[in-house]
Amino acid sequence: MRIQRNPQLNSNGELIHLLSTEGLSKNMLTHMLDTAANFVSVSSRDVKKVPLLRGKSVFNLFFENSTRTRTTFDIAATRLSADVINLDIAKSSASKGESLLDTIDNLAAMAADIFVVRHGDSGAPYLIAQHVAPHVHVVNAGDGRHAHPTQALLDMYTIRHFKGDFTNLSVAIVGDVLHSRVARSNIHALTTLGCPDVRVVGPKTLVPQDFSHLGVRVCHDMAEGLRDVDVVITLRLQNERMSGALLPSAQEFFKSYGLTTQRMQLAKPDAIVMHPGPINRGVEISSEVVDGPQAVILSQVTFGIAVRMAVMSIVASHEA
(Lines give C-alpha, C1' and ligand atoms only; values in the text may rest on other atoms or scores of the structure.)
Protein backbone atom coordinates (compact mmCIF):
# COMPACT_ATOMS: atom_id res chain seq x y z
CA MET A 1 0.00 0.00 0.00
CA ARG A 2 1.38 3.42 -0.98
CA ILE A 3 1.79 5.86 1.92
CA GLN A 4 0.63 9.38 1.12
CA ARG A 5 3.50 11.81 1.64
CA ASN A 6 2.84 15.07 3.46
CA PRO A 7 2.63 17.64 0.62
CA GLN A 8 4.57 20.13 2.75
CA LEU A 9 7.67 17.93 2.80
CA ASN A 10 10.06 16.66 0.15
CA SER A 11 11.24 13.04 -0.06
CA ASN A 12 13.94 13.80 2.53
CA GLY A 13 11.35 15.02 5.02
CA GLU A 14 12.41 18.66 4.64
CA LEU A 15 9.90 21.51 4.71
CA ILE A 16 9.34 22.95 1.22
CA HIS A 17 5.89 24.53 1.76
CA LEU A 18 4.07 25.61 4.91
CA LEU A 19 0.41 24.77 4.41
CA SER A 20 -0.77 23.64 7.85
CA THR A 21 0.50 22.82 11.34
CA GLU A 22 -1.32 19.50 11.04
CA GLY A 23 1.04 16.66 10.23
CA LEU A 24 4.22 18.48 11.23
CA SER A 25 6.38 16.87 13.89
CA LYS A 26 7.28 18.37 17.25
CA ASN A 27 10.89 18.63 16.09
CA MET A 28 9.91 20.56 12.98
CA LEU A 29 7.67 22.97 14.89
CA THR A 30 10.42 23.49 17.46
CA HIS A 31 12.98 24.08 14.71
CA MET A 32 10.83 26.88 13.28
CA LEU A 33 10.42 28.46 16.71
CA ASP A 34 14.15 28.20 17.41
CA THR A 35 14.95 29.74 14.02
CA ALA A 36 12.54 32.59 14.74
CA ALA A 37 14.35 33.26 18.01
CA ASN A 38 17.49 33.97 16.02
CA PHE A 39 15.64 36.59 13.97
CA VAL A 40 13.99 38.53 16.81
CA SER A 41 17.10 40.64 17.39
CA VAL A 42 17.15 41.80 13.74
CA SER A 43 14.36 44.26 14.56
CA SER A 44 16.57 46.10 17.03
CA ARG A 45 19.55 46.54 14.69
CA ASP A 46 20.40 49.78 12.92
CA VAL A 47 20.30 47.88 9.62
CA LYS A 48 17.33 45.56 9.86
CA LYS A 49 18.38 43.12 7.16
CA VAL A 50 20.01 39.73 6.67
CA PRO A 51 20.97 38.42 3.20
CA LEU A 52 19.32 34.98 3.31
CA LEU A 53 16.82 35.62 0.50
CA ARG A 54 18.87 38.08 -1.54
CA GLY A 55 17.99 37.63 -5.20
CA LYS A 56 14.73 35.80 -4.41
CA SER A 57 11.26 37.11 -5.28
CA VAL A 58 8.37 36.81 -2.82
CA PHE A 59 4.88 37.35 -4.24
CA ASN A 60 2.16 38.24 -1.71
CA LEU A 61 -1.16 37.00 -3.11
CA PHE A 62 -3.93 38.09 -0.76
CA PHE A 63 -7.33 37.20 -2.19
CA GLU A 64 -8.81 38.23 1.17
CA ASN A 65 -8.29 41.49 3.04
CA SER A 66 -5.55 41.60 5.64
CA THR A 67 -3.52 44.20 7.50
CA ARG A 68 -1.29 42.50 10.08
CA THR A 69 -0.56 39.30 8.16
CA ARG A 70 0.18 40.96 4.84
CA THR A 71 2.27 43.72 6.42
CA THR A 72 4.33 41.36 8.57
CA PHE A 73 5.01 39.04 5.61
CA ASP A 74 6.08 42.09 3.61
CA ILE A 75 8.42 43.26 6.39
CA ALA A 76 9.74 39.73 6.97
CA ALA A 77 10.61 39.20 3.30
CA THR A 78 12.21 42.65 3.07
CA ARG A 79 14.35 41.95 6.14
CA LEU A 80 15.51 38.74 4.48
CA SER A 81 16.63 40.93 1.53
CA ALA A 82 14.06 39.47 -0.89
CA ASP A 83 12.33 41.41 -3.66
CA VAL A 84 8.70 41.72 -2.55
CA ILE A 85 5.79 42.01 -4.98
CA ASN A 86 2.34 42.76 -3.55
CA LEU A 87 -0.29 41.82 -6.12
CA ASP A 88 -3.42 43.97 -6.10
CA ILE A 89 -5.99 41.21 -6.59
CA ALA A 90 -8.82 43.69 -7.20
CA LYS A 91 -6.95 45.00 -10.24
CA SER A 92 -5.41 41.70 -11.36
CA SER A 93 -6.48 39.34 -14.12
CA ALA A 94 -8.08 37.15 -11.43
CA SER A 95 -10.78 39.81 -11.09
CA LYS A 96 -11.44 39.43 -14.82
CA GLY A 97 -12.11 35.71 -14.62
CA GLU A 98 -8.62 34.24 -14.94
CA SER A 99 -8.31 30.93 -13.08
CA LEU A 100 -6.18 30.68 -9.95
CA LEU A 101 -3.64 28.34 -11.55
CA ASP A 102 -3.37 30.47 -14.69
CA THR A 103 -2.62 33.44 -12.45
CA ILE A 104 0.05 31.39 -10.68
CA ASP A 105 1.59 30.25 -14.00
CA ASN A 106 1.88 33.84 -15.21
CA LEU A 107 3.48 35.00 -11.98
CA ALA A 108 5.83 31.99 -11.92
CA ALA A 109 6.95 33.05 -15.39
CA MET A 110 8.13 36.29 -13.74
CA ALA A 111 10.63 34.23 -11.69
CA ALA A 112 8.64 33.93 -8.47
CA ASP A 113 10.41 31.93 -5.75
CA ILE A 114 7.86 32.09 -2.90
CA PHE A 115 4.10 32.59 -3.04
CA VAL A 116 2.47 33.80 0.17
CA VAL A 117 -1.21 33.02 -0.32
CA ARG A 118 -4.33 34.03 1.55
CA HIS A 119 -7.52 32.73 -0.02
CA GLY A 120 -11.16 32.43 0.96
CA ASP A 121 -11.38 28.83 -0.28
CA SER A 122 -10.04 26.08 1.94
CA GLY A 123 -7.33 24.13 0.15
CA ALA A 124 -6.31 26.82 -2.36
CA PRO A 125 -2.66 26.92 -1.14
CA TYR A 126 -2.50 23.10 -1.41
CA LEU A 127 -3.69 23.30 -5.01
CA ILE A 128 -0.99 25.87 -5.79
CA ALA A 129 1.72 23.86 -3.99
CA GLN A 130 0.91 20.77 -6.07
CA HIS A 131 1.07 22.84 -9.25
CA VAL A 132 4.26 24.89 -8.96
CA ALA A 133 7.78 23.93 -10.08
CA PRO A 134 10.09 22.16 -7.60
CA HIS A 135 12.06 25.32 -6.78
CA VAL A 136 8.94 27.39 -5.95
CA HIS A 137 7.56 27.45 -2.40
CA VAL A 138 4.09 28.19 -1.03
CA VAL A 139 3.30 29.63 2.40
CA ASN A 140 -0.33 29.55 3.52
CA ALA A 141 -1.35 32.91 5.01
CA GLY A 142 -4.85 31.63 5.75
CA ASP A 143 -7.25 29.54 3.66
CA GLY A 144 -10.98 29.57 4.29
CA ARG A 145 -11.89 27.94 7.59
CA HIS A 146 -9.04 25.46 7.26
CA ALA A 147 -5.64 26.70 8.46
CA HIS A 148 -3.46 29.68 9.36
CA PRO A 149 -0.12 28.06 10.20
CA THR A 150 2.08 31.14 10.59
CA GLN A 151 -0.42 32.67 13.03
CA ALA A 152 -0.30 29.44 15.03
CA LEU A 153 3.50 29.49 15.00
CA LEU A 154 3.69 33.07 16.22
CA ASP A 155 1.16 32.15 18.91
CA MET A 156 3.34 29.20 19.92
CA TYR A 157 6.39 31.47 19.95
CA THR A 158 4.55 33.96 22.18
CA ILE A 159 3.43 31.24 24.59
CA ARG A 160 6.94 29.77 24.76
CA HIS A 161 8.45 33.22 25.28
CA PHE A 162 6.23 34.01 28.27
CA LYS A 163 5.59 30.53 29.67
CA GLY A 164 8.56 28.36 28.65
CA ASP A 165 7.73 24.69 28.34
CA PHE A 166 4.37 23.53 26.92
CA THR A 167 4.12 20.29 28.89
CA ASN A 168 2.53 21.77 32.03
CA LEU A 169 0.26 24.37 30.47
CA SER A 170 -3.50 24.80 30.35
CA VAL A 171 -4.67 26.82 27.34
CA ALA A 172 -8.21 28.08 26.66
CA ILE A 173 -9.27 29.07 23.13
CA VAL A 174 -12.40 31.18 23.51
CA GLY A 175 -15.02 32.36 21.04
CA ASP A 176 -15.94 31.52 17.45
CA VAL A 177 -13.99 28.28 17.16
CA LEU A 178 -16.29 26.88 14.46
CA HIS A 179 -15.22 29.40 11.80
CA SER A 180 -11.65 29.93 12.99
CA ARG A 181 -8.70 28.66 10.96
CA VAL A 182 -6.48 30.04 13.74
CA ALA A 183 -8.15 27.79 16.31
CA ARG A 184 -7.61 24.66 14.22
CA SER A 185 -3.96 25.47 13.56
CA ASN A 186 -3.36 26.31 17.22
CA ILE A 187 -4.98 23.09 18.40
CA HIS A 188 -2.73 20.98 16.13
CA ALA A 189 0.38 22.90 17.22
CA LEU A 190 -0.40 22.85 20.95
CA THR A 191 -1.16 19.13 21.07
CA THR A 192 1.93 18.29 18.99
CA LEU A 193 4.14 20.40 21.28
CA GLY A 194 2.87 18.46 24.28
CA CYS A 195 0.33 20.80 25.87
CA PRO A 196 -1.74 18.47 28.11
CA ASP A 197 -4.83 20.66 28.60
CA VAL A 198 -6.34 22.49 25.63
CA ARG A 199 -9.89 23.77 26.06
CA VAL A 200 -12.19 25.30 23.45
CA VAL A 201 -14.81 27.56 24.98
CA GLY A 202 -17.96 29.12 23.54
CA PRO A 203 -21.66 28.62 22.78
CA LYS A 204 -22.81 25.34 21.25
CA THR A 205 -23.48 27.04 17.92
CA LEU A 206 -19.83 28.15 17.67
CA VAL A 207 -18.03 25.28 19.45
CA PRO A 208 -19.41 21.95 18.19
CA GLN A 209 -18.96 18.90 20.40
CA ASP A 210 -17.14 17.06 17.62
CA PHE A 211 -14.10 19.25 18.24
CA SER A 212 -13.32 16.87 21.08
CA HIS A 213 -11.89 14.40 18.53
CA LEU A 214 -8.97 16.82 18.11
CA GLY A 215 -7.86 16.03 21.66
CA VAL A 216 -9.34 19.11 23.33
CA ARG A 217 -11.91 19.62 26.06
CA VAL A 218 -15.09 21.32 24.84
CA CYS A 219 -16.56 23.81 27.33
CA HIS A 220 -19.75 25.80 26.94
CA ASP A 221 -19.37 27.49 30.33
CA MET A 222 -16.79 30.26 30.78
CA ALA A 223 -16.11 29.38 34.42
CA GLU A 224 -15.19 25.81 33.47
CA GLY A 225 -13.23 26.94 30.44
CA LEU A 226 -11.12 29.60 32.16
CA ARG A 227 -10.54 28.10 35.59
CA ASP A 228 -6.80 27.91 36.39
CA VAL A 229 -5.60 28.31 32.81
CA ASP A 230 -2.17 29.73 31.95
CA VAL A 231 -3.09 31.14 28.53
CA VAL A 232 -6.31 32.58 27.10
CA ILE A 233 -6.54 32.93 23.31
CA THR A 234 -9.60 34.97 22.38
CA LEU A 235 -11.05 34.78 18.86
CA ARG A 236 -13.16 37.35 17.05
CA LEU A 237 -16.67 36.63 15.82
CA GLN A 238 -16.27 35.91 12.11
CA ASN A 239 -19.60 37.26 10.93
CA GLU A 240 -18.47 37.11 7.29
CA ARG A 241 -18.25 33.29 7.54
CA MET A 242 -21.50 32.74 9.39
CA SER A 243 -24.61 31.53 7.60
CA GLY A 244 -27.84 31.84 9.53
CA ALA A 245 -28.41 33.24 13.00
CA LEU A 246 -25.82 31.51 15.18
CA LEU A 247 -26.01 34.21 17.86
CA PRO A 248 -28.79 36.46 19.19
CA SER A 249 -26.46 39.50 19.02
CA ALA A 250 -22.91 40.61 19.61
CA GLN A 251 -24.03 42.16 22.90
CA GLU A 252 -25.46 38.85 24.07
CA PHE A 253 -22.25 37.09 23.12
CA PHE A 254 -20.17 39.54 25.16
CA LYS A 255 -22.51 39.16 28.11
CA SER A 256 -21.99 35.38 28.16
CA TYR A 257 -18.56 34.83 26.60
CA GLY A 258 -16.74 38.16 26.45
CA LEU A 259 -13.35 38.20 28.17
CA THR A 260 -13.50 40.70 31.02
CA THR A 261 -11.23 41.49 33.96
CA GLN A 262 -13.74 39.75 36.22
CA ARG A 263 -13.66 36.56 34.15
CA MET A 264 -9.86 36.69 33.96
CA GLN A 265 -9.82 36.25 37.74
CA LEU A 266 -10.80 32.61 37.08
CA ALA A 267 -7.47 32.06 35.33
CA LYS A 268 -4.12 31.84 37.06
CA PRO A 269 -2.84 35.19 38.35
CA ASP A 270 0.03 35.20 35.84
CA ALA A 271 -2.10 34.06 32.87
CA ILE A 272 -1.50 35.80 29.56
CA VAL A 273 -4.16 36.98 27.10
CA MET A 274 -3.69 36.61 23.34
CA HIS A 275 -5.73 37.57 20.27
CA PRO A 276 -4.94 36.99 16.56
CA GLY A 277 -6.68 40.23 15.57
CA PRO A 278 -8.47 42.19 14.43
CA ILE A 279 -9.85 42.96 17.87
CA ASN A 280 -13.49 43.85 18.39
CA ARG A 281 -13.55 45.62 21.74
CA GLY A 282 -16.73 45.03 23.68
CA VAL A 283 -17.66 42.00 21.56
CA GLU A 284 -15.20 39.21 22.39
CA ILE A 285 -12.91 41.13 24.75
CA SER A 286 -13.13 44.23 26.91
CA SER A 287 -10.87 47.25 26.49
CA GLU A 288 -9.69 46.79 30.09
CA VAL A 289 -8.28 43.37 29.21
CA VAL A 290 -6.82 44.47 25.85
CA ASP A 291 -5.00 47.37 27.51
CA GLY A 292 -4.25 45.50 30.73
CA PRO A 293 -1.00 43.98 32.01
CA GLN A 294 -1.87 40.39 31.09
CA ALA A 295 -2.37 41.12 27.37
CA VAL A 296 0.55 40.18 25.11
CA ILE A 297 -1.28 40.96 21.87
CA LEU A 298 1.25 43.50 20.57
CA SER A 299 4.07 41.06 21.37
CA GLN A 300 2.33 38.57 19.08
CA VAL A 301 2.51 41.07 16.23
CA THR A 302 6.19 41.76 16.87
CA PHE A 303 7.07 38.07 17.07
CA GLY A 304 5.08 37.47 13.89
CA ILE A 305 7.78 39.16 11.80
CA ALA A 306 10.53 36.88 13.15
CA VAL A 307 8.35 33.78 12.76
CA ARG A 308 7.54 34.59 9.14
CA MET A 309 11.23 35.27 8.46
CA ALA A 310 11.97 31.83 9.88
CA VAL A 311 9.32 30.09 7.77
CA MET A 312 10.39 31.70 4.48
CA SER A 313 14.10 31.11 5.14
CA ILE A 314 13.49 27.42 5.95
CA VAL A 315 11.25 26.56 2.98
CA ALA A 316 13.52 28.46 0.57
CA SER A 317 16.52 26.38 1.62
CA HIS A 318 15.05 23.13 0.21
CA GLU A 319 13.66 21.87 -3.09
CA ALA A 320 10.98 19.33 -3.88
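The values are calculated or read from the model by the stated rules, or taken from the named source; none is laboratory data. Here the structure is a predicted model, which means the values were calculated and not measured. Quick reminder, even Gly has a Cβ in these numbers, built from the backbone with ideal geometry, and neighbours come from all protein chains shown. Ligands, DNA and RNA are excluded from the accessible area calculation, which covers all protein heavy atoms including side chains. Shrake-Rupley method; radii C 1.70, N 1.55, O 1.52, S 1.80 Å.
Does GLY304 meet the test of being farther than 26 Å from LEU80 by Cα and either assigned to a strand (DSSP E or B) or open to solvent by less than 30 Å² (accessible area, probe 1.4 Å) (or both)? It would help to see each step written out before you state the result.
Details: farther than 26 Å from LEU80 by Cα: no; either assigned to a strand (DSSP E or B) or open to solvent by less than 30 Å² (accessible area, probe 1.4 Å) (or both): yes.
Criteria not met by GLY304.
What number of residues in segment 265-281 are open to solvent by less than 50 Å² (accessible area, probe 1.4 Å), among the hydrophobic types (A, V, I, L, M, F, W, C) and not in a strand (DSSP E or B)?
Of all residues in segment 265-281, those open to solvent by less than 50 Å² (accessible area, probe 1.4 Å) come to 267, 271-277.
Adding the requirement that they be among the hydrophobic types (A, V, I, L, M, F, W, C) leaves 267, 271-274.
Applying the additional criterion that residues be not in a strand (DSSP E or B) yields 267, 271.
So the count comes out to 2.
Can you tell which of SER41, SER66 is farther than 26 Å from ASN12 by Cβ, free of Cβ contacts under 8 Å to residues at least 12 places away in the same chain and out of contact with any Phe, Trp or Tyr (no Cβ under 6 Å at 6 or more places or on another chain)?
Matching residue, one of SER41, SER66: SER41.
Would you check if LEU206 is in contact with a Ser or Thr (Cβ under 8 Å, 6 or more places away or on another chain), in a loop (DSSP other than H, G, I, E, B), open to solvent by less than 60 Å² (accessible area, probe 1.4 Å) and modelled with pLDDT under 95? Lay out the reasoning, then the answer.
Numbers: in contact with a Ser or Thr (Cβ under 8 Å, 6 or more places away or on another chain): no; in a loop (DSSP other than H, G, I, E, B): yes; open to solvent by less than 60 Å² (accessible area, probe 1.4 Å): yes; modelled with pLDDT under 95: yes.
So LEU206 does not fit the description; no.
What number of residues within segment 161-197 satisfy the criterion of being closer than 17 Å to PRO276 by Cα and either assigned to a strand (DSSP E or B) or open to solvent by less than 10 Å² (accessible area, probe 1.4 Å) (or both)?
Filtering segment 161-197 for residues closer than 17 Å to PRO276 by Cα gives 161-162, 171-190.
So of that shortlist, the ones also either assigned to a strand (DSSP E or B) or open to solvent by less than 10 Å² (accessible area, probe 1.4 Å) (or both) come out as 171-177, 179-180, 183, 185-187, 189-190.
Residues flagged as closer than 17 Å to PRO276 by Cα and either assigned to a strand (DSSP E or B) or open to solvent by less than 10 Å² (accessible area, probe 1.4 Å) (or both) within segment 161-197 amount to 15.
Could you give every pair whose Cβ atoms fall below 7 Å, whose first residue belongs to segment 214-227 and is within 25 Å of GLU22 (Cβ to Cβ) and touching a residue at least 12 places away in the same chain (Cβ under 8 Å), and whose second residue is part of a helix (DSSP H, G or I) and open to solvent by 20 Å² or more (accessible area, probe 1.4 Å), counting only separations of at least 6 or pairs across chains?
Once the first residue is within 25 Å of GLU22 (Cβ to Cβ) and touching a residue at least 12 places away in the same chain (Cβ under 8 Å) and sits in segment 214-227, its partners that are part of a helix (DSSP H, G or I) and open to solvent by 20 Å² or more (accessible area, probe 1.4 Å) give GLY215/THR191; VAL218/GLN209; VAL218/SER212.
How about segment 247-283: which of its residues are under 20 Å from VAL182 (Cβ atoms) and free of Cβ contacts under 8 Å to residues at least 60 places away in the same chain?
LEU247, ALA250, PHE253, PHE254, GLY258, ALA271, VAL273, HIS275, ILE279, ASN280, ARG281, VAL283
Can you find, within segment 52-78, the residue that is most open to solvent (accessible area, probe 1.4 Å) among those that are outside any helix (DSSP H, G or I) and small (Gly, Ala, Ser)? Let's see the steps before the verdict.
Pass one, segment 52-78, residues outside any helix (DSSP H, G or I): 52-67.
Subset that is small (Gly, Ala, Ser): 55, 57, 66.
Numbers: GLY55: 65, SER57: 19, SER66: 35 Å².
Across segment 52-78, the extreme among qualifying residues is GLY55.
Conditions tested, residue by residue: (1) in contact with a helix residue (DSSP H, G or I) (Cβ under 7 Å, 6 or more places away or on another chain); (2) loosely packed, with under 10 Cβ neighbours inside 10 Å; (3) at pLDDT 95 or above.
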residue: MET1; (1), (2), (3): no, yes, no
residue: PRO7; (1), (2), (3): yes, no, no
residue: GLU14; (1), (2), (3): no, no, yes
residue: LEU18; (1), (2), (3): yes, no, yes
residue: THR30; (1), (2), (3): no, no, yes
residue: ALA37; (1), (2), (3): no, no, yes
residue: ARG45; (1), (2), (3): no, no, no
residue: VAL50; (1), (2), (3): yes, no, yes
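Go through segment 141-160 residue by residue and tally those that are surrounded by fewer than 24 Cβ atoms within 10 Å (Cβ to Cβ) and in a loop (DSSP other than H, G, I, E, B).
3
Here is a list: ALA94, ALA172. Which entry is in contact with a Leu (Cβ under 9 Å, 6 or more places away or on another chain) and modelled with pLDDT of 95 or more?
So the residue among ALA94, ALA172 that is in contact with a Leu (Cβ under 9 Å, 6 or more places away or on another chain) and modelled with pLDDT of 95 or more is ALA172.
Can you tell which of SER57, SER44, SER66 is farther than 27 Å from HIS146 by Cβ and out of contact with any Ser or Thr (no Cβ under 8 Å at 6 or more places or on another chain)? Spell out the reasoning first.
On the way: SER57 fails: farther than 27 Å from HIS146 by Cβ; SER66 fails: farther than 27 Å from HIS146 by Cβ.
Only one candidate qualifies: SER44.
State all residues of segment 155-183 that are touching a Lys or Arg at 6+ places or on another chain (Cβ under 8 Å) and over 22 Å from SER256 (Cα atoms); if no residue qualifies, say none.
If the condition is that a residue be touching a Lys or Arg at 6+ places or on another chain (Cβ under 8 Å) and over 22 Å from SER256 (Cα atoms), then PHE166, LEU169, ARG181 are the ones that fit.
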